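Before any comments, here is the structure.
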Amino acid sequence: MGCTSSIPADTDGDNMSGLNHNFLVIDGEDFDLEKMSVYKSQDRARLDDDFLYHFYSSQLWIAAYNPSRKETHEGLCLQGVTILPYRTIHKTKAIFQAWRELISCAPKTLRLSCGYVSKWDEEKSQPGEPQSNNPEFSKTALLRELRKLLQFCDDVAAAGGRTSILHLGI
């Protein structure tokens, strides 16, 4: 399952560091690249890329649709576009709710283990030694974004199939 897209990365942090994934409510289940400026102006929830990688296994339980490939699959296209449809919104909400419950138990500033990264070694023109990637997050900022995402799930459920959640990956 490769997820690719030509959508530019969202790097405006809004109190969360790094690259962000945007989630917003759209009409129907259709993604239109021509509407990108409209999507960017809508109210949206943002989750940091490292945060989503930390929860990678559980995000694979989300039933989704990849409009670029016109196929259903499990999980978010972290580097592309994903539609979270009405028909699976209750399970999707349960997963996001579990993340919110877990983060609500965290300290004010939390550090998540997100594996290892290698910085490019300029002298050797090759990847350098792997370094631990343990980004810090504000509990308040994460809870705010997760509450907004849960509200979007409620909005989609209330609309009875007329809307869905659009995920714009990095």
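The values are calculated or read from the model by the stated rules, or taken from the named source; none is laboratory data. Everything numeric in this text was worked out from a predicted model, so none of it was measured. Positions of Cβ are generated from backbone atoms using ideal geometry, with glycine treated the same way; all protein chains shown enter the neighbour counts. When the accessible area is computed, the model is the full protein with side chains, heavy atoms only, and any ligands, DNA or RNA have been set aside. Shrake-Rupley method; radii C 1.70, N 1.55, O 1.52, S 1.80 Å.
Determine the shape class of region 45-96: with a ≥ b ≥ c the square roots of the Cα gyration tensor eigenvalues, call it rounded for a/c under 1.5, and otherwise prolate if a/b is greater than b/c, oblate otherwise. Taking the square roots of the gyration eigenvalues as a ≥ b ≥ c, region 45-96 is oblate.
At a probe radius of 1.4 angstrom, the accessible area of region 33-91 per residue rounds to 50 square angstrom.
For a paramagnetic label modelled at 7 Å from the Cα of ALA98 toward its Cβ, which residues of region 32-63 fall within the zone defined by backbone nitrogen distances under 14 Å? From region 32-63, the list is 55-63.
Atom-type composition of the exposed protein surface of region 26-80 places 47 percent of the accessible area on carbon and sulfur (1.4 angstrom probe). For THR140 and HIS90, a Förster radius of 22 Å and the Cβ-Cβ distance give a FRET efficiency of 0.20, rounded to the nearest 0.05.
For the residue pairs LYS35/LYS139; LYS35/LYS91; LYS40/LYS139; LYS93/LYS148; LYS108/LYS148, the C-alpha atoms sit more than 23 angstrom apart in LYS35/LYS139; LYS35/LYS91; LYS40/LYS139. Charge tally around ILE165: other residues with Cβ under 14 Å, Lys/Arg +1 each, Asp/Glu -1 each, net 0.
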